[in-house]
1. Hey, any hits in region 184-195 for a residue that's out of contact with any helix residue (DSSP H, G or I) (no Cβ under 7 Å at 6 or more places or on another chain) and farther than 17 Å from Ile266 by Cβ?
2. Assuming Ser87 fulfils every condition listed in (1) in contact with a helix residue (DSSP H, G or I) (Cβ under 6 Å, 6 or more places away or on another chain); (2) farther than 30 Å from Asn231 by Cα apart from one, which condition is it?
3. Give me a count of the residues in region 174-213 that are aliphatic (A, V, I, L, M) and within 17 Å of Arg141 (Cβ to Cβ).
4. If you check every pair at least six apart or on different chains, which have Cβ atoms under 8 Å apart with a residue in region 248-270 that is more than 19 Å from Phe153 (Cα to Cα) first and a residue that is assigned to a loop (DSSP other than H, G, I, E, B) second?
5. Restricting attention to region 208-215, does a residue exist that is in a strand (DSSP E or B) and within 20 Å of Tyr158 (Cβ to Cβ)?
6. Give the residues of region 191-221 that are of a type in the set (Phe, Trp, Tyr) and open to solvent by 40 Å² or more (accessible area, probe 1.4 Å), sorted by residue number.
7. Within region 221-242, is even one residue of a type in the set (Gly, Ala, Ser), modelled with pLDDT under 95 and out of contact with any Ser or Thr (no Cβ under 8 Å at 6 or more places or on another chain)?
8. Could you list, in sequence order, the residues of region 191-202 that are under 16 Å from Lys147 (Cβ atoms), part of a helix (DSSP H, G or I) and modelled with pLDDT under 90?
Amino acid sequence: MDNAQIIEQIKSSFCNLTSFKVRQNALEIITAYSTINNKFVSVFVTYTNQKIVITDSGWIDQNYYETPVNDESEDIIGRIIGLFKASYSVKSTLDKSGREFYYKTCENIEQIPSCVFDLANFIVGVVNGFCMRYKDEKEERERETFKTDANDFLKLNYDNMVKLRAPLDDFKGIKFNAIINKGPNLFIITYVTGSSSTYFENDLRKAIVNFEIAQKSKYKDLIKEKITIINDLSEGYSMKRSANIFELLKEKTTRKPIKWTEKERILEII
C-alpha cells in the first residue's frame, strides 16, 4: 500500500487541513473534524484480505475520545450508534480481546476519501452522542463517584488481577464492573447504586440478568464467586423497599450482597 499516494489522494479530494502519521500496520489520518469535547477525529487505513479498510482502530470502544461512561444510557447510545451505522454504511467487528472496531472497506485508492468522510462523520456523531446527558446530573455524579471509589478499592487490593468493565470472552456484549482472575478462579463483580429507588432497582435487575447469563458461559465452572457490591449510602438504597428484587439477586449470586460500608468483607472472600 503506497502511503504517499493515499496522502496525495486525500489531500486533493478531501481536505488540505488533514495530517498523517505512519504507524506500524496502518496510516493514521488526523482529520479536521472535531467533537463537542474538542477532540480531533482520526481514522486509520489498512490493507486486509485484499481490501482497503478504513477503521477507527477501536478508539471509540477504548474511549480514546474521553467521553463520559454512563452504563444507564447504553440503550440510548446503542440506538444512536445503529442510526449512524445505517446512515454512513459503517460496519463493526470484535477482535480476540473483545474490542470493537468500526470500519468501511473500499476497492481502490480513489474511494478512500469518500470512506474517510463517512467514517469521520460517523465518529463525530457517535462521540457527540456519548457526550450528551440523558438523565439528571445528580444520578450521573453519584454513579460515577461510586464506580470510581469501588474501582480504586479493587485496584488497590488486587492490582493486575482485576479487569474493570470486562466481559467473559464468550459473551462480549455483557460487561461486568470487575472480573478478578486469581489463580484458576474467576470472581465476577457488579456494582449497584442509584440516586432514587428506580435507578437502584434498575441496577439490581441488570445484575440479575448478567449473573444469569454468566451461568451459561463456558467459564461457569471457573467462576468461584458472583458478588454484588451495593452502595448502601445512596439515596435509592432500601433493603425493605427492594426486598423482592434482593431475593431474586441472592438466587443468582454466591454471596449475600456486600454493602459498601462493609467492603472489607470482599478481602475475606477473594
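The values are calculated or read from the model by the stated rules, or taken from the named source; none is laboratory data. Bear in mind that the values here come from a model prediction, so they are computed numbers and not experimental data. Positions of Cβ are generated from backbone atoms using ideal geometry, with glycine treated the same way; all protein chains shown enter the neighbour counts. Please note that ligands, DNA and RNA were not included when accessible areas were found on the heavy atoms of the full protein model with its side chains. Shrake-Rupley method; radii C 1.70, N 1.55, O 1.52, S 1.80 Å.
1. no
2. Looking at each condition in turn, Ser87 falls short on (1).
3. The number of residues fulfilling the criteria is 1.
4. If the second residue must be assigned to a loop (DSSP other than H, G, I, E, B), the pairs left are Leu249/Pro257; Lys250/Lys256; Lys250/Pro257; Lys252/Gln215.
5. no
6. In the first step, residues of region 191-221 are kept if they are of a type in the set (Phe, Trp, Tyr); the result is 191, 199-200, 211, 219.
Tyr199, Tyr219, listed by residue number.
7. no
8. Tyr199, Asn202
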